[in-house]
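Report on the structure given below.
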Amino acid sequence: MDVETEPLLAQYPKPKRRQEAKKRWKDLQSILGSARLWRSVLVVAPAAMVKAALENILPLFADHKLKYNEYEVGLCFTLIAVSFLTTSVIISFIWGCLTDNGQNWFVTLAMVFLGMTSSTLLVSYIYGG
């Protein structure tokens, strides 16, 4: 044991540290067992996956297919970031006005439109781009 850490450990007797650790473990379990947390993850995960995929593909696509330089690729990233932030702000204002059923429909329709937009962009590029 290090000489510098011995006084720190001496401050807290072992039973007290165990009690604190058990309390923190219970707190962590209650957070991870929260239904609200898992519903939030289910709502956010699809949009986050699309955003992550877009951010991974964008540099290659913009560089090789569109012949953008680094500055123009950076502008594309900026546009995407501003779009996500603006959308988040708008949705946060709308969200509080919706009932629980309205929130469910909003999320459902948003996921459907996200899928349709992604598919449309992909198909339009394949056949027209």
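The values are calculated or read from the model by the stated rules, or taken from the named source; none is laboratory data. Keep in mind it's a predicted model, so treat the numbers as computed, not measured. FYI the Cβ positions are ideal-geometry reconstructions off the backbone, even for glycines, and counts take in every protein chain you see. Calculation scope for accessible area: heavy atoms of the full protein, side chains included, ligands and nucleic acids excluded. Shrake-Rupley method; radii C 1.70, N 1.55, O 1.52, S 1.80 Å.
Summing -39500 (n - 2.57) over the DSSP H runs of n ≥ 4 in the chain and dividing by its residue number, what mean residue ellipticity at 222 nm do you reach, to the nearest 500 deg cm²/dmol? Please report the intermediate quantities before stating the final value.
Working: 5 runs with 106 residues, N = 129.
Rounded to the nearest 500, it is -28500 deg cm²/dmol.
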Need the list of lysines near K22 for cross-linking: C-alpha distance under 20 angstrom, and skip anything on the same chain fewer than eight residues off.
K14
In the chain, with Lys and Arg counted as +1 and Asp and Glu as -1 at Cβ, which of these residues, I94, Q19, H64, has the Cα nearest the positive end of the dipole, that is, farthest along it?
Q19
Carbon and sulfur atoms: what percent of the 1.4 Å accessible area of the chain do they account for?
68 percent
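Per the Kirkwood definition applied to all pairs of different Cα atoms, how many angstroms is the hydrodynamic radius of the chain? Spell out each step's value before the answer.
Details: mean 1/r = 0.0512 Å⁻¹.
So the Kirkwood estimate lands at 19.5 Å.
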Which helices pass in the chain if a helix is a full DSSP H run, must span at least 30 angstrom along its long axis by Cα, and must have mean Kyte-Doolittle hydropathy not below 0.0?
35-60, 70-95, 100-128
At a probe size of 1.4 Å, how large is the accessible area of K23, to the nearest 10 Å²?
120 Å²
Roughly how many Å² is the accessible area per residue of the chain, as a whole number, for a 1.4 Å probe?
85 Å²
Computed E for V89/K22 - FRET, C-beta separation, R0 35 angstrom, nearest 0.05:
0.30
